[in-house]
Amino acid sequence: MPELPEVEVVKRSLERKILHLAIKKVTINDGNLRYKINKKEILNLIGRKFIEIKRRSKFLIFKLNKDFHMLVHLGMTGKFFYIDRKKKKFKTSFYYDLNYKKDQKHDRVIFYFSNDQKLIYNDIRKFGFIKFVKKKKFLENIHLRNLGPEPLEKKYNFLYLKKYMNGRKRNVKNTLMDQRCVSGLGNIYVNEILFFSGINPKRKVKNLNDSEISRIIKNTKKILKNSIKLGGSSIKDFYSDDGKKGEFQQLFAVYGRKGEICSNTDCKKKISKIVISNRASFYCRRCQK
DNA sequence: AGGCATGTTACAGG
DNA sequence: ACCTGTAACATGCC
């Protein structure tokens, strides 16, 4: 589920719920995530509090009133459940799985706060991770040191991308998925960006013209911003803050739409699905040249 | 039963 | 040293 917009939505809702609350207890049901959770380090959280939450690419950075940060990546299926004990019902901070009861067995780590709230890290496939990183060594951290610019920042612009793409033999799909080029995009959003930019995913980046590069920049920013505004769209079951079920809307133009008619006016072609580097690519043969 | 899935990274080979 | 593609990780769903 989580690409940049989803992680940003998680960040925004978490910072409204758990900042400045004393951490009372942490239990680990299964610490064998992508990296084994260091129990000693996680016990260091007791009595501390999160003072700020930041996002870099798809990583969440929980800043503590201590000399280290908690670094979290959601992998493919990581999610947080926020639970309000006082109301004796679940209250989710961002999204809520319809099958939560069934999903409960994948609760991996539970953070208990002093006011009887708790935060659950749930991860079906265990590709996510929770790590602790010394503040002084943060920027040189292996996960963060090679990340390219944030797509929504000014540094990610036409000149940057033109220079990056110049002379590279790689195709545009893999290039945009590469976190060193631009950080935070994943398979879903790259499919969408290339559709709206009218570019075939297999095109070599060195052959893209100025207009195409410019379209990639513009559409990336537009699509990501819109998705954040809508509360993260690559999620299946969305519940608003009060736990009411939201309307699920399929917001993608091409992703997952193999065989459906292209949404561009006057184009009657069916959306194709091909595999590029082991990942599904959806595109319109007529509109994406 | 087999194929597929939103992410990252270690590794092999050019 | 750089660039590229592939496999692996764990689990559930169709």
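Structure notes:
- Members of the stretch A:247-259 found to be loosely packed, with under 13 Cβ neighbours inside 10 Å and modelled with pLDDT of 90 or more, listed by number: A:G259
- Residue within the stretch A:238-246 that is outside any loop (DSSP other than H, G, I, E, B), at pLDDT 95 or above and in contact with a Ser or Thr (Cβ under 6 Å, 6 or more places away or on another chain) present: no
- Of the residues making up the stretch A:161-186, those that are within 16 Å of A:N146 (Cα to Cα) and near DNA strand B (Cβ under 9 Å from one of its atoms) are A:M177, A:D178, A:Q179, A:S183, A:G184, A:L185.
- Cβ separations smaller than 8 Å between residues 6+ apart or across chains give the following pairs from the stretch A:20-37 residues that are farther than 19 Å from A:H73 by Cα to residues that are among the basic types (K, R) and at pLDDT 95 or above: A:H20/A:K49; A:L21/A:K49; A:A22/A:R48; A:A22/A:K49; A:I23/A:R48; A:I23/A:K49.
- The number of residues in the stretch A:187-212 that are within 16 Å of DNA strand B (Cβ to nearest atom) and among the β-branched types (V, I, T) comes to 3.
- Qualifying residues in the stretch A:107-125 (those that are touching a residue at least 60 places away in the same chain (Cβ under 8 Å) and within 13 Å of A:K79 (Cα to Cα)) - the one farthest from DNA strand C (Cβ to nearest atom): A:L119
- Going through (1) surrounded by 13 or more Cβ atoms within 10 Å (Cβ to Cβ); (2) under 18 Å from A:N122 (Cβ atoms) one by one, A:F50 falls short only on (2).
- Candidate set: the stretch A:55-96, residues that are charged (D, E, K, R) and at pLDDT 85 or above; chosen: the one farthest from A:V182 (Cα to Cα): A:K66
- On the stretch given as the stretch A:178-210, residues that are part of a helix (DSSP H, G or I) and near DNA strand C (Cβ under 10 Å from one of its atoms) total 2.
- Residue list for the stretch A:19-33, filter: under 27 Å from A:P151 (Cα atoms) and crowded, with 16+ Cβ neighbours inside 10 Å: none
- Cβ-Cβ under 6 Å pairs, at least 6 apart or on other chains, the stretch A:144-172 side part of a loop (DSSP other than H, G, I, E, B), far side aromatic (F, W, Y): A:P149/A:Y156
- All positions within the stretch A:254-273 that are more than 18 Å from A:S197 (Cα to Cα) and hydrophobic (A, V, I, L, M, F, W, C): none
A quick yes/no check of all residues on (1) in contact with a Pro (Cβ under 9 Å, 6 or more places away or on another chain); (2) part of a loop (DSSP other than H, G, I, E, B); (3) of a type in the set (G, A, S):
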residue	(1), (2), (3)
A:L21	no, yes, no
A:K40	no, no, no
A:M76	yes, yes, no
A:I83	no, no, no
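The values are calculated or read from the model by the stated rules, or taken from the named source; none is laboratory data. What you see is a predicted model, and the numbers here were worked out from it, not measured in a lab. Here the Cβ is made from the backbone with ideal geometry for all residues, glycine too, and neighbour counts use every protein chain on show.
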